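The structure appears below as structure tokens.
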Amino acid sequence: MTFAPIRTERLELRLLTDADREWLVSVYSQPEVGRFIPAGPWTADISEAEISKRMNRRGFDTEQGAVSLMVLHEGERVAEVMCWFTDRDHRVAEIGWAGDPAHAGQGFVTEAATALLDYVFSEVRMHRVAAIIDPRNVPSMRVAERIGMRLEGHLREAEWMRGEWCDTLIYGKLASDQNV
């Protein structure tokens with residue numbers, strides 16, 4: 001099954017291309033974006049590995065069982081959203097997102113994440129999708145809540161990242177929640 005771009009009223013979500021590399025580095029290298037992801041703010045050595053991982057996410061029917069999508073508004077890159085199987089046999093996945101701070105507050109990440117959730121529940125037949133969020137990342141918590149995910153757990157000091165223990169929030173949404 002070839003992945004076709006997803007279109008919303010304002011956005012286009014398409015698979016990443018080599019032309020997106022510069023944007024990815026420019027966004028993920030920003031401290032306010034990178035501080036909440038396991039790899040941390042991207043440096044030159046981190047960038048290539050992270051981009052390579054994302055470029056290989058070409059569909060849920062591939063070996064990777066994942067997509068990484070560039071989000072475009074009027075042709076301009078504004079965010080990345082991604083989703084990957086964590087349990088392919090039982091149709092369980094994780095979703096993630098990162099927006100360009102230059103476009104914050106315009107609802108692009110929320111709209112893109114909603115479109116991706118709609119796609120994975122309707123087309124991929126996902127049973128459950130989770131978002132793993134650092135509780136200091138208030139904008140991501142708000143996105144999860146706006147797209148109908150429920151806070152299911154707060155794990156205290158569950159991750160060791162860059163020299164400190166970090167709490168983890170687990171948000172989840174079931175296919176059956178889509179119809180609520």
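Counting Lys +1, Arg +1, Asp -1, Glu -1, what net charge surrounds G65 among other residues with beta carbon under 15 Å of its beta carbon?
+2
Taking the Cα centre of the range 9-179 as origin and charging only Cβ (+1 Lys, Arg; -1 Asp, Glu), how large is the dipole, in debye to the nearest 20?
Dipole magnitude for the range 9-179 comes out near 320 debye.
Which residue, E32, E152, E164, tops the fluctuation ranking in a GNM of the chain built on C-alpha contacts under 10 Å?
E164
Please order L72, L151, L13 by the number of other Cβ within 10 Å, starting at the fewest.
Working: L72 20, L151 15, L13 23.
Exposure proxy ranking, most exposed first: L151, L72, L13.
For the chain, what does -39500 (n - 2.57) per DSSP helix run (n ≥ 4), summed and divided by total residues, give at 222 nm, in deg cm²/dmol to the nearest 500?
Result for the chain, helices only: -7500 deg cm²/dmol.
No lab work stands behind these numbers, since they all come straight from the coordinates. Note that the structure is predicted; figures quoted are calculated from it, not measured. With ideal geometry, Cβ positions are generated from the backbone for all residues, glycine too; neighbour counts draw on all protein chains shown.
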